[in-house]
Amino acid sequence: MTDSCEITLEAISSVSQITADEWNACASADDSYNPFVSHAFFAALEASGSAVARTGWAPRHLVARMGDRVVGIVPCYLKNHSQGEYVFDHGWADAYARAGGSYYPKLQATVPFTPATGPRLLVRDGVDATRVRESLAGGLVALCGLTQASSVHVTFAREDEWTFLAERGFLQRTDQQFHWRNEGYGAFEDFLATLASRHRKGIRRERRDALANGITIHHLTGDDITPDAWDAFFEFYMETGSRKWGRPYLTRAFYTQIGETMAKDVLLVMAKRDGRWIAGAINFIGSDTLFGRHWGAVEHHPFLHFEVCYYQAIDFAIQRGLKRVEAGAQGEHKIARGYLPQTTYSAHYIADPALRRAIRDYLKQERSYVQEAVRELTEAGPFRKTDDGD
């Protein structure tokens, strides 16, 4: 097989139409592992009824082939709403509707319900990556026309993909999250030593107070995650998700399936008091990153959220030698706890020229705002300055 073979494109309606080996050969081509773009993760989303047409996430995964070999994939969904995306375009939809247009359906190239940066143009090793990427980018535009969608949104993409798509007519958007970086720390105290005194003391106090009521913390991964732990965590997820979103996105069947197929990639940080689970956070383990996702609790104790979600994640990353912790969307309160702002990237193809012009002008201002916010928040971080005396 040579790169001179014609590339053919197809939009498939289920990840099950591609073998795990074919999908994963594209998803992990650079030897880095991101659990969210694995075949197993998408299979769990779809088989569990979490990301399916009934919930407004109709799979339209774009597949590139050379002959009978899959050489590229874009995870993609045809959507009739803007829920569960974490890159907000409700204002665009409302403005277009007021102008007489129909914003939905739209195409969303992303991982449903998962605000974590990762590859979106998945290309197998051993092929002309630029050529395959060009076919995938062109295929997204063509699919937009075929499905009569208003737009294509490639969200939480890598920066190089963001640049690549911009060169092919996609509009550029940025936002920020808060990530913790491992600077080769041997223990949590090594990390604390890099902070200004008041932040160092504050974190020590929060960690102590979080466990003051006889609470113990447990790291569960692989076979240690028992059905009762999954049941308890799902209860936490439903309780917190119902308050935040009205209706949580993920089903109990989703957690059952990842427990069967991805348990080694999962870290549950669970809090126990008086013999029962009272709170927990789910994390996914990549080759160099710990991705924090959902948190929930049935008892609320001071600083327990910070301990379970942020400090225990740092502990685990240090133990495993992981380079970073990505703590999900939102939350400037993370800065004081060592999580600094990082730019996130998305690319948007807008079919209607008038809407495209309006969004382009808006995004130019938004990018400038995000850049300045990242700069200011980084400067306000908790780390010691060179002239600090502590």
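Which of the residues belonging to segment 330-384 are touching a strand residue (DSSP E or B) at 6+ places or on another chain (Cβ under 8 Å), at pLDDT 95 or above, open to solvent by 70 Å² or more (accessible area, probe 1.4 Å) and within 27 Å of Asn182 (Cβ to Cβ)?
Selection gives Gln371 alone.
So that you can scan it fast, the table gives a plain yes or no per residue for (1) without any contact (Cβ under 8 Å) to a residue 12 or more places away in the chain; (2) surrounded by fewer than 21 Cβ atoms within 10 Å (Cβ to Cβ); (3) assigned to a loop (DSSP other than H, G, I, E, B):
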| site | (1), (2), (3) |
| --- | --- |
| Val87 | no, yes, yes |
| Pro112 | no, no, yes |
| Ala116 | no, no, yes |
| Arg120 | no, no, yes |
| Glu134 | no, yes, no |
| Val141 | no, yes, no |
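Please state which of the following conditions Phe233 fails to meet, knowing it meets all the rest: (1) part of a helix (DSSP H, G or I); (2) open to solvent by 40 Å² or more (accessible area, probe 1.4 Å); (3) not basic (Lys, Arg).
So Phe233 meets the others, but not (2).
Any chance you could count how many residues in segment 264-273 are more than 18 Å from the chain's Cα centre (by Cα) and closer than 16 Å to Ala232 by Cβ?
Selection size over segment 264-273: 5.
Do we have Thr194 as within 22 Å of Lys334 (Cα to Cα) and either touching a Lys or Arg at 6+ places or on another chain (Cβ under 9 Å) or loosely packed, with under 13 Cβ neighbours inside 10 Å (or both) here?
yes
Name the single residue that is surrounded by the fewest Cβ atoms within 10 Å (Cβ to Cβ) among those in segment 92-104 being in a helix (DSSP H, G or I) and touching a residue at least 40 places away in the same chain (Cβ under 8 Å).
Here the residue is Ala95.
Could you look through segment 158-191, keep only residues that are among the acidic types (Asp, Glu) and part of a loop (DSSP other than H, G, I, E, B), and pick out the one that is farthest from Phe383 (Cα to Cα)?
Top of the filtered list is Glu167.
Name the residue that is farthest from the chain's Cα centre (by Cα), counting only residues in segment 274-295 that are open to solvent by less than 10 Å² (accessible area, probe 1.4 Å) and closer than 14 Å to Ile217 by Cα.
Ile278
What is the number of the single condition among (1) surrounded by fewer than 14 Cβ atoms within 10 Å (Cβ to Cβ); (2) free of Cβ contacts under 8 Å to residues at least 40 places away in the same chain that Glu159 does not meet?
Unmet condition: (2).
For segment 264-277, indicate whether the set of residues that are in a helix (DSSP H, G or I) and either modelled with pLDDT of 95 or more or among the β-branched types (Val, Ile, Thr) (or both) is non-empty.
Checked segment 264-277: at least one residue is in a helix (DSSP H, G or I) and either modelled with pLDDT of 95 or more or among the β-branched types (Val, Ile, Thr) (or both).
Go through Leu107, Leu78 for me and flag whichever is open to solvent by less than 40 Å² (accessible area, probe 1.4 Å), over 17 Å from Arg356 (Cα atoms), modelled with pLDDT of 95 or more and not in a loop (DSSP other than H, G, I, E, B).
Of the residues listed, the single one that is open to solvent by less than 40 Å² (accessible area, probe 1.4 Å), over 17 Å from Arg356 (Cα atoms), modelled with pLDDT of 95 or more and not in a loop (DSSP other than H, G, I, E, B) is Leu78.
Show the residue pairs meeting these rules: Cβ distance below 7 Å; 6+ apart or different chains; first residue within segment 23-36 and within 11 Å of Gly118 (Cβ to Cβ); second residue assigned to a helix (DSSP H, G or I) and open to solvent by less than 50 Å² (accessible area, probe 1.4 Å).
Within 7 Å, the pairs are Ala27/Val37; Pro35/Phe41; Pro35/Asp265.
Inside segment 28-58, can you point out the residues that are open to solvent by 10 Å² or more (accessible area, probe 1.4 Å) and under 23 Å from Val141 (Cα atoms)?
Across segment 28-58, the qualifying residues are Val52, Ala53, Ala58.
Select from segment 318-329 the residues that are small (Gly, Ala, Ser) and surrounded by fewer than 19 Cβ atoms within 10 Å (Cβ to Cβ) and list them in ascending order.
Scanning segment 318-329 gives Gly321, Ala329.
Only residues in segment 303-323 that are assigned to a helix (DSSP H, G or I) count as the first member; pair them with residues that are of a type in the set (S, T, N, Q) and open to solvent by less than 20 Å² (accessible area, probe 1.4 Å), Cβ under 8 angstrom, at least 6 apart or cross-chain, and list the lot.
Ala313/Asn283; Phe316/Asn283
The values are calculated or read from the model by the stated rules, or taken from the named source; none is laboratory data. If you're wondering where the values come from, they're calculated on a predicted model, not measured in any experiment. No Cβ is skipped: glycine too gets one built from the backbone with ideal geometry, and neighbour counts run over all protein chains shown. When the accessible area is computed, the model is the full protein with side chains, heavy atoms only, and any ligands, DNA or RNA have been set aside. Shrake-Rupley method; radii C 1.70, N 1.55, O 1.52, S 1.80 Å.
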